[in-house]
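The values are calculated or read from the model by the stated rules, or taken from the named source; none is laboratory data. Since the structure is predicted, the reported quantities are computational estimates derived from the model, not experimental observations. Cβ: placed from backbone, ideal geometry, glycine included. Neighbour counts: every protein chain shown. Surface accessibility is based on the protein's heavy atoms, side chains included, excluding ligands, DNA and RNA. Shrake-Rupley method; radii C 1.70, N 1.55, O 1.52, S 1.80 Å.
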Amino acid sequence: MSADVRQVADGTYLVHGGNTNWVILTDGDAVTLVDTGYPGDRRALLESLAAVGSSPEAVAAVLITHAHNDHLGSAEYLRATHGTPVLLHEAEVPHARRDYLQQVSVGTVLRNAWRPGVLPWMRHVLRTGGTEQHPVTAPAAFPADGALDLPGRPVPVHTPGHTDGHCVYHLPDAGVVISGDALVSGHAISRTEGPQLLPDLFHHDRAGAVASLDVVAGLEGDVLLPGHGPVHRGPVKDAADLARERAF
């Protein structure tokens, strides 16, 4: 699979991988990488860095929205091979180490195999290493408040529910919200297009995920970069409000 790199704002790129996305923020040759796709997306991940004129060695840090396999995929590879810091919310650090796992079980997926799209999605998950575990040996928590001193100056915002330590990343100056799985615009097993929550089976705490939409709605921006689905343009508040309406 080749990298599908889309520039969505100055120095900001959304990359579509194997049913999941990651984001590259550039400052000269240096970049911040937000999420890393599935383990099997590694070639596309490296290609995407080259496509924006960068390299793995130039990644200042990997920021993780949450430590599910389809977002954590190559984080440990970058840390172990290039010394890249892997940063998360403090509540997500033990999840990245795999002290525990807040992820949909194979049994739950099989019980939902009758749903449209589930079996093709599961085949893709298996092909891209989505059931493998690639824990991060030494993840670190980022500072609790304010913009990070990294390319793009992202501001972490805690949005628990999908996992306990899920974070979105706000780029106030660019009007961009990198929403991870707190708010998406599509998914392989969803029959809905546009802003929405992921299907219920994927959330560790669905009520918390719904509540976190209020947090996302409070972020100024008109470009939403989700963990799944295409870029969504329009007020982020409206996108979060629509997702809340669709959740009930």
Residue within segment 101-112 that is more than 29 Å from R153 (Cβ to Cβ), open to solvent by less than 50 Å² (accessible area, probe 1.4 Å) and of a type in the set (A, V, I, L, M, F, W, C) present: yes
Considering each of A138, A91, A96 in turn, give the residue that is of a type in the set (A, V, I, L, M, F, W, C), open to solvent by 30 Å² or more (accessible area, probe 1.4 Å) and closer than 22 Å to H203 by Cβ. A91
One residue is enough: does segment 102-119 have a residue meeting the conditions modelled with pLDDT of 95 or more and either charged (D, E, K, R) or touching a helix residue (DSSP H, G or I) at 6+ places or on another chain (Cβ under 7 Å) (or both)? yes
Mind checking which pairs have a first residue in segment 98-122 that is within 17 Å of A188 (Cα to Cα) and among the hydroxyl-bearing types (S, T, Y) and a second that is open to solvent by 30 Å² or more (accessible area, probe 1.4 Å) and not in a loop (DSSP other than H, G, I, E, B), Cβ under 9 Å, 6 or more apart or different chains? T108/L201
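Table: residues versus (1) part of a loop (DSSP other than H, G, I, E, B); (2) polar (S, T, N, Q); (3) within 17 Å of the chain's Cα centre (by Cα).
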position	(1), (2), (3)
L78	no, no, yes
T81	no, yes, no
P94	no, no, no
L101	yes, no, yes
V104	yes, no, yes
G107	no, no, no
Among the residues of segment 55-66, are any over 22 Å from P151 (Cα atoms), assigned to a helix (DSSP H, G or I) and either modelled with pLDDT of 90 or more or open to solvent by less than 30 Å² (accessible area, probe 1.4 Å) (or both)? no
Checklist (1) at pLDDT 95 or above; (2) surrounded by fewer than 24 Cβ atoms within 10 Å (Cβ to Cβ); (3) in contact with a Gly (Cβ under 7 Å, 6 or more places away or on another chain) applied to A188, failing item: (1)
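Results for (1) over 16 Å from I64 (Cβ atoms); (2) assigned to a loop (DSSP other than H, G, I, E, B), shown as yes or no for each residue.
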site: L119; (1), (2): yes, no
site: M122; (1), (2): yes, no
site: L126; (1), (2): yes, no
site: D149; (1), (2): yes, yes
site: H162; (1), (2): no, yes
site: H170; (1), (2): no, no
site: R191; (1), (2): yes, yes
site: L213; (1), (2): yes, no
Which residues, counting only those in segment 172-185, are at negative phi and surrounded by fewer than 22 Cβ atoms within 10 Å (Cβ to Cβ)? P172, D173, A174
When every residue in segment 3-26 that is at pLDDT 95 or above and among the charged types (D, E, K, R) is compared, the one least open to solvent (accessible area, probe 1.4 Å) is R6
Right, G165: touching a strand residue (DSSP E or B) at 6+ places or on another chain (Cβ under 8 Å) and surrounded by 23 or more Cβ atoms within 10 Å (Cβ to Cβ) or not? yes
Of (1) open to solvent by 40 Å² or more (accessible area, probe 1.4 Å); (2) more than 24 Å from G17 (Cβ to Cβ); (3) at pLDDT 95 or above, G208 satisfies every one except (1)
Which ones in segment 215-248 are small (G, A, S), over 27 Å from V118 (Cα atoms) and outside any helix (DSSP H, G or I)? G218, G221, G234
